[in-house]
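Structure, as structure tokens:
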Amino acid sequence: MFMFEKAVAGSRRYWLWICVLAIILGAGFACYLRQLQAGLMITGLSRDVTWGLYIAQFTFLVGVAASAVMVVLPYYLHNFKAFGRIAILGEFLAIAAVVMCMLFIFVDMGQPSRVLNVLLYPTPHSMMFWDMISLGGYLALNAVIALVTLRAEREGVAPPRWIEPIIILSIPWAVSIHTVTAFLYSGLPGRSLWLTAILAPRFLASAFASGPALLILLCLLLSRLTGFSAGREAIQKLAIIVTYAMAISVFFVLTEFFTAFYSQIPEHAESLRYMFVGLEGHTRLAPWMWTSSILAAASLVLLLVPRYRHNQKLLAVACGMVFLSLWIDKGIGLIVAAFVPSPLGAVTEYAPTLPEILIVLGIWAVGALILTVLYKIALSVRETPAFFSAPPSRAEALT
Amino acid sequence: MTISRQAFLHMSGLSLLAAAVRRAKGAISGTWWGMAIDVAKCLKQENCTKCIVACSQAHNIPSIPDRSHEVRWIWKDSLGHVFPSQVDEYSALRTLPAMLLCNHCENPPCVRVCPTEATWKREDGIVDMDWHRCIGCRYCMAACPYGSRSFNWMDPRPYIHNPNPEFPTRTKGVVEKCTFCTERLAAGRPPACVEACPEKALVFGNLADPHSPIRELLAARRHIRRRPELGTGPDVFYIV
């Protein structure tokens with residue numbers, strides 16, 4: 001098996017963490033069983049707002065998954081050696097994120113037992129079909145790459161040459177998963193908030209900010225909890241990637257505002273207005289969106305000033321802000337607000353119910369569990385002597 | 001199974017011919033269903049809901065009290081909401097009600113996005129649904145710019161008070177909508193709502209036949225469609 005023996009030998013703290021995750025997972029699963037029995041009525045969704053937290057989490061996490069390419073690309077294409085220690089962490093993060101994406105789609109289905117209909121009746125004119133292909137493919141690519149390269153690392157040998165084209169393929173594939181996810185929304189005639197050509201670029205920019213920000217936080221956490229060190233150069237390079245991506249992402253969002261509010265075409269502005277000031281007195285989303293905007297602005301200040309960015313504590317704060325800001329933007333606002341107002345002008349608000357939130361937390365716990373186990377394996381492999389006696393980096397062996 | 005080259009060629013030729021004949025037949029018989037709603041006639045009887053009641057009874061539509069979980073095939077809303085960009089604030093029509101249903105678009109976005117072909121365009125123009133194939137992803141509901149689709153947020157059966165054994169009930173977790181009464185059309189009868197209307201305000205007919213009553217009505221009277229600028233080609237017309 002996939003070096004699983006490394007995952008079952010751990011400290012007390014490790015097992016405690018696993019237990020906490022298992023409890024959250026169990027609570028979420030119990031709520032899901034209720035949803036399975038009663039139907040999606042147990043959620044806060046309605047005939048006007050038909051997609052909510054589940055689909056929004058899916059959208060956000062596709063970005064986290066795609067962002068692995070920000071580590072893979074510099075390392076393998078540009079032979080940027082400082083990423084040697086964290087490439088595998090990026091790939092494992094992608095695996096955990098894709099699994100969560102799939103689970104979020106699954107729990108959103110009204111008839112989950114019929115999910116295989118998507119494969120039984122392949123429908124190329126539906127973007128959802130392509131999303132399934134691209135997500136499944138991306139999961140397989142990352143699993144193979146991570147397994148093969150980690151095994152080579154354990155044996156202290158260079159990875160086999162046949163993995164090289166697969167790694168190269170994973171780079172455009174990462175871009176494709178988030179592009180297809182944006183196309184899921186940006187091709188619908190009646191939803192003005194999504195009907196914008198910049199949605200895919202915007203998704204990619206926010207993904208390349210939120211994913212690496214999360215990776216920085218994970219690296220800092222690992223160095224605190226274990227002996228692992230990503231290296232200052234790697235962290236700072238990731239910080240620069242986050243800075244550029246966040247600046248571009250904010251710029252893209254501002255262009256949306258310009259088009260909507262300068263053209264003053266009502267339906268293009270309505271959803272944005274709902275997000276930030278509310279419509280007909282319904283302002284549930286506004287505090288969230290303002291929080292997201294303030295966090296985005298504050299994080300940019302911390303990231304753009306080199307003095308702050310080089311300070312590891314402030315960098316961690318900035319990364320937390322970036323992640324939270326973009327999670328609010330994509331993991332709540334963008335999906336829900338597109339349904340307000342409804343095609344008939346009704347302003348129906350959405351708020352997730354407790355069971356819905358527990359299901360969401362349960363899936364995040366699954367992701368955290370997968371990530372914990374995979375990171376445990378990766379770090380354990382490196383602690384063994386073979387790693388130190390095998391100087392050729394994976395990138396060197398490939399290029 | 002072995003097959004000779006000659007037999008293969010014969011079979012291919014025959015099937016091509018059959019396909020061509022079928023297509024030509026479709027073009028000649030040419031049925032393309034559509035509906036015209038005479039708003040003024042519809043308004044003659046205030047608070048009339050006969051078409052809605054007839055539809056609900058015919059199709060086992062649950063009467064769910066919670067508005068956010070409602071299932072609707074044909075319903076009423078104000079003209080200001082039905083035609084947000086065409087009815088201005090000085091128009092007397094603004095607050096008057098009009099009937100709403102699936103537009104059976106010529107180019108339906110719901111069909112385009114469905115990942116399982118659980119909803120499709122029939123050769124006679126009707127946008128049909130297979131409730132046994134639908135996975136309940138609700139992508140069609142996001143895609144429909146008219147809000148014409150409903151989802152079964154719960155088991156609808158307890159909310160069907162007088163079930164019609166001739167028509168299937170649905171299960172929780174699937175999407176449904178107006179089908180222009182395909183089951184009645186197959187038996188040569190008009191849709192239930194059309195039959196129930198005391199003012200004959202709903203005119204149903206074949207748009208492909210230039211001499212059909214609906215075509216003559218549309219040629220003679222001013223009419224509008226909901227959001228035609230989206231390129232969906234709605235086949236429900238409002239005579240105003």
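Of note:
- The distance from the alpha carbon centre of segment A:160-238 to that of segment A:77-132 is 12 Å, rounded to a whole number.
- Mean separation of Cα pairs under 8 Å and 6 or more residues apart, divided by the residue count, gives chain A a relative contact order of 31 percent.
- Over chain B, the hull volume per residue, using the convex hull of the C-alpha atoms, is 171 Å³.
- Between helix A:354-383 and chain A: long-axis angle, C-alpha atoms, 0 to 90°, nearest 10: 20
- Rounded tilt (10° steps) of B:5-29 against the dominant C-alpha axis of chain B: 30
- Point-charge dipole on Cβ atoms (K/R +1, D/E -1) for segment A:111-210, about Cα centre, debye to 20: 180
- Considering only A:Val148, A:Ala230, A:Gly187, and ranking their Cα positions along the charge dipole of segment A:4-398 that arises from unit charges at the beta-carbon of Lys, Arg, Asp and Glu, the one farthest toward the positive end is A:Ala230.
- Qualifying trypsin sites (Lys or Arg not before Pro) in segment A:146-217, where qualification requires a DSSP coil assignment and no more than 10 other C-beta atoms within 10 Å, comprise A:Arg161.
- Relative packing of A:345-354, A:254-263, A:213-222, which averages over residues the other C-beta atoms within 10 Å, highest first: A:213-222, A:345-354, A:254-263
- Taking chain A as a Gaussian network of alpha-carbon nodes connected by springs under 10 Å, the highest mean-square fluctuation of the residues A:Gly331, A:Gly187, A:Gly44 belongs to A:Gly187.
- Counts of other chain beta carbons within 10 angstrom of each beta carbon in peptide B:60-68 average 2.
- Low-density loop cleavage sites - trypsin sites (Lys or Arg not before Pro) in segment B:48-110, where at most 12 other Cβ are within 10 Å (DSSP): none
- Sparsely packed trypsin sites (Lys or Arg not before Pro) within segment B:170-205, loop by DSSP, other Cβ within 10 Å at most 12: B:Lys200
- Whether the protein assembly as shown is rounded, prolate or oblate, judged on the alpha carbon gyration tensor where a/c under 1.5 counts as rounded: prolate
- Local electrostatic count at A:Glu233 - Lys and Arg +1, Asp and Glu -1, tallied over other residues with Cβ under 11 Å: +4
- Using alpha-carbon coordinates, inclination of helix A:87-108 to the longest axis of chain A, degrees: 30
- Listed pairs B:Lys50/B:Lys121; B:Lys50/B:Lys177; B:Lys121/B:Lys177; A:Lys81/A:Lys237; B:Lys76/B:Lys121; B:Lys44/B:Lys76 exceeding 21 Å between Cα atoms: B:Lys50/B:Lys121; B:Lys76/B:Lys121
- Average beta carbon contacts from partner chains per residue of B:151-158, 10 Å cutoff: 4
- Eligible lysines near A:Lys6 by straight Cα distance, threshold 24 Å, same-chain separation 8 or greater: A:Lys376
- Dipole magnitude for the protein assembly as shown: computed about the Cα centre from +1 point charges on Lys and Arg Cβ and -1 point charges on Asp and Glu Cβ, it is near 860 debye.
All of the numbers you see were taken from the coordinates with simple rules; none came from a lab. Please read these numbers as outputs of a predicted model, since none were measured by experiment. Please note: Cβ atoms are built from the backbone with ideal geometry, for glycine as well, and neighbour counts cover all protein chains shown.
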